[in-house]
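Below is one structure; the comments refer to it alone.
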């Protein structure tokens with residue numbers, strides 16, 4: 001007769017991560033929201049001539065106010081170790097850092113998590129109609145002499161048919177890379193205590209701002225629009241959170257008032 005297998009040591013069972021039902025719900029809802037946002041952004045993709053015409057208008061406006069520095073920034077960093085780092089930070093910003101910050105805040109500061117989550121969701125809602133109505137080609141596709149440094153130097157092809165089937169490459173305005181990087185930096189800085197950690201968190205937004213320009217993915221105008229969109233998303237998310245709390249507060253107060 002075969003002996004029953006001994007139970008796993010308690011130290012091994014602790015290795016398996018425990019995800020609470022509440023956390024699973026948050027992951028599922030956020031994942032669904034991201035899929036819907038991605039699908040909407042892909043469905044609303046514009047045509048290249050219109051996107052390039054809008055990019056030329058943006059470049060003309062930037063030259064008029066003296067902030068058309070995209071090409072000079074990229075040229076100054078060309079061939080340096082800094083552009084290699086910025087290429088990879090650009091790729092990690094949305095795919096790694098945003099979800100990582102949400103997980104960190106969920107465990108560290110539930111209020112901070114809810115504010116960042118609501119900001120992201122509301123900003124997506126604000127941005128989708130802008131992408132549909134005003135497609136903009138990134139500088140690397142606008143025929144202004146800027147290179148696609150990510151495709152050239154990382155092996156990740158930004159312009160391949162496979163890659164562009166998953167994202168709208170004309171969704172340059174607003175730049176949510178920068179808008180979300182600033183929001184993440186503020187949220188994480190508010191949740192940590194060490195001054196160095198706070199400084200690093202607050203620098204994340206400016207670093208990604210440099211990355212999106214140096215890699216040829218956004219104009220300065222796009223960055224400004226991304227900051228406005230994220231600020232509006234924060235306001236909309238905060239208003240929605242307050243509105244959702246009112247029915248619960250009223251339900252709590254009814255028994256108290258009935259007993260009075």
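Exactly one residue among 32, 95, 91, 59 is under 25 Å from residue 124 (Cβ atoms), part of a helix (DSSP H, G or I) and either at pLDDT 95 or above or touching a helix residue (DSSP H, G or I) at 6+ places or on another chain (Cβ under 9 Å) (or both), and that residue is 91. Which members of the stretch 127-157 meet the condition of being in contact (Cβ under 8 Å) with a residue 40 or more places away in the chain and within 19 Å of residue 88 (Cα to Cα)? Residues satisfying the conditions are 138, 139, 140, 146, 147, 148, 149, 150, 153, 154, 156.
Please verify whether residue 156 is touching a strand residue (DSSP E or B) at 6+ places or on another chain (Cβ under 8 Å) and more than 29 Å from residue 112 (Cα to Cα), treating the condition exactly as stated. The answer is no for residue 156. Are any residues in the stretch 41-62 more than 13 Å from residue 170 (Cα to Cα) and surrounded by 11 or more Cβ atoms within 10 Å (Cβ to Cβ), and if so, which ones? The answer is 56, 57, 58, 59, 61, 62. Among the criteria (1) out of contact with any strand residue (DSSP E or B) (no Cβ under 6 Å at 6 or more places or on another chain); (2) modelled with pLDDT of 95 or more, the one residue 173 does not fulfil is (1). Within the stretch 170-191, the set of residues being surrounded by fewer than 24 Cβ atoms within 10 Å (Cβ to Cβ) and without any contact (Cβ under 8 Å) to a residue 60 or more places away in the chain comprises 182, 185, 186, 189. Residues of the stretch 206-217 that are buried (at least 24 other Cβ atoms within 10 Å of the Cβ) and under 14 Å from the mean Cα position of the chain (by Cα): 208, 211, 212. Would you check if residue 124 is in contact (Cβ under 8 Å) with a residue 40 or more places away in the chain, surrounded by 14 or more Cβ atoms within 10 Å (Cβ to Cβ) and under 27 Å from residue 187 (Cβ atoms)? Criteria met by residue 124.
For first residues located in the stretch 30-42 and in contact (Cβ under 8 Å) with a residue 12 or more places away in the chain, partners that are crowded, with 16+ Cβ neighbours inside 10 Å and assigned to a helix (DSSP H, G or I) and lie 6+ apart or on another chain with Cβ distances below 6 Å form the pairs 33/121; 37/124; 40/128; 41/131.
Tell me which residues, restricted to the stretch 78-88, are part of a helix (DSSP H, G or I) and over 20 Å from residue 177 (Cα atoms).
If the condition is that a residue be part of a helix (DSSP H, G or I) and over 20 Å from residue 177 (Cα atoms), then 81 is the only one that fits.
Here are 210, 236, 162, 147: which of them is in contact with a helix residue (DSSP H, G or I) (Cβ under 7 Å, 6 or more places away or on another chain), in a helix (DSSP H, G or I) and more than 16 Å from residue 119 (Cβ to Cβ)?
On the way: 236 fails: more than 16 Å from residue 119 (Cβ to Cβ); 162 fails: in contact with a helix residue (DSSP H, G or I) (Cβ under 7 Å, 6 or more places away or on another chain); 147 fails: in a helix (DSSP H, G or I).
Just one listed residue meets the conditions, 210.
Collect the residues in the stretch 39-56 that are part of a helix (DSSP H, G or I), closer than 30 Å to residue 71 by Cβ and out of contact with any strand residue (DSSP E or B) (no Cβ under 7 Å at 6 or more places or on another chain), keeping them in residue-number order. Residues satisfying the conditions are 42, 48, 49, 50, 52, 53, 56.
Residue count for the stretch 89-103, restricted to those that are crowded, with 18+ Cβ neighbours inside 10 Å and closer than 19 Å to residue 234 by Cβ: 5. The set of residues from the stretch 62-77 being on the phi < 0 side of the Ramachandran plot and either in a helix (DSSP H, G or I) or free of Cβ contacts under 8 Å to residues at least 40 places away in the same chain (or both) comprises 62, 63, 64, 65, 70, 71, 72, 73, 74, 75, 76, 77.
The values are calculated or read from the model by the stated rules, or taken from the named source; none is laboratory data. As the structure is a prediction and not an experimental result, all values here were calculated from the model. A quick note on method: Cβ atoms are made from the backbone with ideal geometry, for glycine too, and the neighbour counts reach across all protein chains shown.
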